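These notes are about the structure you will find just below.
The values are calculated or read from the model by the stated rules, or taken from the named source; none is laboratory data. Note that this is a predicted model, so its numbers are computed, not measured. Reconstructed Cβ throughout: ideal geometry from the backbone, glycine too, with neighbour counts over all protein chains shown.
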Amino acid sequence: MVKNLLREILERHAEKVELHLYSNRPFLYSPPQAITRVIPASSLRYAVTELRKAVKADDCDVFLGTGPAVLAGRCPSVLVVYDDSPRVDDFPVPLLSKIGHRYVAARLARRAKLWVAGLADALIFDSEIVERDVLAASPHLSGKERVVIHWATDPELHHLDRKESNDYVAKRLGITSPFILYVGAVNRPKNLEGLVSLYRRVREHHHRMLLVVVGGKAWPAYRRDPLENVEGIRYFPWLSDEAVAACYGACEVFVTLSWYEGFGLPVVEAMTHGAPVVVSNRGALPEVIGEAGLVVDPENLTHAAEVVCRFLDDSTVREQLRVQSLLRAKDFTWSGAADRAVALIQNVASKGC
């Protein structure tokens with residue numbers, strides 16, 4: 001996401017910005033206008049020390065980062081805060097998992113980033129809900145200069161019309177029945193158990209309906225895979241960008257019942273392809289869809305299934321939501337994100353060291 005933001009900043013504001021990129025590994029991608037520098041890091045202390053030297057040598061006016069690296073600059077800094085809300089852990093989890101080292105380490109990492117935020121000069125949040133939750137947990141950050149910048153889809157995202165999408169999923173993926181789509185990680189925070197339960201209820205009324213799940217299994221994982229041995233589920237751990245685009249375009253509805261989302265990029269991708277969306281009322285998901293989709297409570301799956309069934313039974317509503325999705329997707333642009341980011345960066349730079 002930051003990659004696309006930086007690329008758009010250079011394309012729209014090349015006369016205002018000179019971009020220096022620092023990394024501890026070779027760059028997989030860098031804008032041709034950017035000046036790059038690789039700083040091998042044997043330890044965090046070494047990395048910060050060497051990065052501080054590089055920033056000083058390059059005479060940077062503002063340091064933009066997503067983590068502790070912002071501490072390295074001897075100039076004003078802007079920290080990008082995304083998926084770092086204290087409420088990201090608001091999901092049912094077994095006690096043994098809560099005291100597991102990975103779970104504890106993840107929570108400590110988020111707390112460390114909020115500490116780093118206190119040292120930055122300005123903050124960029126990817127949603128209003130993350131901003132609200134972070135400020136509620138860390139009131140001392142309320143005096144910081146900050147801005148909310150919604151992410152957008154990849155500019156190189158494939159686009160297929162409805163017929164092309166249906167033909168693609170039928171010929172390439174073997175999906176010839178109508179289907180509900182989910183794209184994202186398969187883990188506890190994404191509430192795949194709830195999604196499968198909702199699907200079982202919907203299938204009682206729509207017997208040909210499939211559930212297509214696209215995404216790799218990730219930590220914190222389920223001990224018992226909720227996707228196994230469920231009739232009608234088609235699971236793809238990975239698909240090409242073109243195939244995912246076809247799934248978005250061909251699905252009857254995109255559904256996500258996450259316990260918490262700091263933003264929810266797959267929802268924006270779905271709307272970009274004109275897919276109707278149904279989301280949980282948690283985190284930033286209602287903020288992202290606005291008036292363009294349906295919002296349900298992930299703890300009331302009976303009602304959520306009724307909402308989805310009513311939607312599937314009404315072709316007029318489906319087409320209305322497809323149009324609304326396309327209109328809402330136009331609100332998420334990298335050009336707008338770049339303009340807001342540059343305005344913040346210039347304001348921070350004007351205040352000096």
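For ILE180, indicate whether it is in contact with a strand residue (DSSP E or B) (Cβ under 6 Å, 6 or more places away or on another chain), surrounded by fewer than 22 Cβ atoms within 10 Å (Cβ to Cβ) and among the β-branched types (Val, Ile, Thr).
Working: in contact with a strand residue (DSSP E or B) (Cβ under 6 Å, 6 or more places away or on another chain): yes; surrounded by fewer than 22 Cβ atoms within 10 Å (Cβ to Cβ): no; among the β-branched types (Val, Ile, Thr): yes.
So ILE180 does not fit the description; no.
Quick grid of which residues meet (1) at pLDDT below 90; (2) out of contact with any helix residue (DSSP H, G or I) (no Cβ under 7 Å at 6 or more places or on another chain); (3) in a loop (DSSP other than H, G, I, E, B); (4) more than 21 Å from ILE289 (Cβ to Cβ):
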{"site": "ALA105", "(1), (2), (3), (4)": "yes, yes, no, yes"}
{"site": "LEU108", "(1), (2), (3), (4)": "yes, yes, no, yes"}
{"site": "ARG111", "(1), (2), (3), (4)": "yes, yes, no, yes"}
{"site": "ALA120", "(1), (2), (3), (4)": "no, no, yes, yes"}
{"site": "LEU123", "(1), (2), (3), (4)": "no, no, no, yes"}
{"site": "ARG132", "(1), (2), (3), (4)": "no, yes, no, no"}
{"site": "ALA136", "(1), (2), (3), (4)": "no, yes, no, yes"}
{"site": "HIS140", "(1), (2), (3), (4)": "no, yes, no, yes"}
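Return the residues of the stretch 233-255 that are surrounded by fewer than 23 Cβ atoms within 10 Å (Cβ to Cβ), assigned to a helix (DSSP H, G or I) and either within 18 Å of the chain's Cα centre (by Cα) or of a type in the set (Val, Ile, Thr) (or both); say none if nothing qualifies.
ASP241, VAL244, ALA245
Since ALA152 meets every condition but one in (1) in a loop (DSSP other than H, G, I, E, B); (2) within 23 Å of the chain's Cα centre (by Cα); (3) surrounded by fewer than 17 Cβ atoms within 10 Å (Cβ to Cβ), which condition does it not meet?
Evaluating ALA152 over (1) in a loop (DSSP other than H, G, I, E, B); (2) within 23 Å of the chain's Cα centre (by Cα); (3) surrounded by fewer than 17 Cβ atoms within 10 Å (Cβ to Cβ) leaves (3) as the failure.
Residues of the stretch 328-353 being closer than 19 Å to LEU265 by Cβ and exposed (fewer than 14 other Cβ atoms within 10 Å of the Cβ), which ones?
Of the residues in the stretch 328-353, the ones closer than 19 Å to LEU265 by Cβ are 328-338, 340-341.
Once the filter is applied, which keeps residues that are closer than 19 Å to LEU265 by Cβ and exposed (fewer than 14 other Cβ atoms within 10 Å of the Cβ), the stretch 328-353 yields LYS330, SER335.
For the list (1) of a type in the set (A, V, I, L, M); (2) closer than 23 Å to ILE149 by Cα; (3) in contact (Cβ under 8 Å) with a residue 40 or more places away in the chain, I need the number of the one condition that VAL244 fails.
All conditions pass for VAL244, except number (2).
Which condition number in (1) among the polar types (S, T, N, Q); (2) at pLDDT 90 or above; (3) surrounded by fewer than 17 Cβ atoms within 10 Å (Cβ to Cβ); (4) assigned to a helix (DSSP H, G or I) is the one that SER165 fails?
Result: SER165 passes all but (3).
Looking only at the stretch 274-297, filter to residues that are in a loop (DSSP other than H, G, I, E, B) and among the small types (Gly, Ala, Ser); which one of those is farthest from HIS158 (Cα to Cα)?
Of the residues in the stretch 274-297, the ones in a loop (DSSP other than H, G, I, E, B) are 274-276, 281-284, 290-293, 297.
Applying the additional criterion that residues be among the small types (Gly, Ala, Ser) yields 274-275, 283-284, 290, 292-293.
Numbers: GLY274: 13, ALA275: 14, GLY283: 28, ALA284: 25, GLY290: 24, ALA292: 22, GLY293: 22 Å.
Here the answer is GLY283.
Quickly run through the stretch 204-226 and pick out the residues that are crowded, with 19+ Cβ neighbours inside 10 Å, out of contact with any helix residue (DSSP H, G or I) (no Cβ under 7 Å at 6 or more places or on another chain) and not β-branched (Val, Ile, Thr).
Those that are crowded, with 19+ Cβ neighbours inside 10 Å, out of contact with any helix residue (DSSP H, G or I) (no Cβ under 7 Å at 6 or more places or on another chain) and not β-branched (Val, Ile, Thr): LEU210, GLY215.
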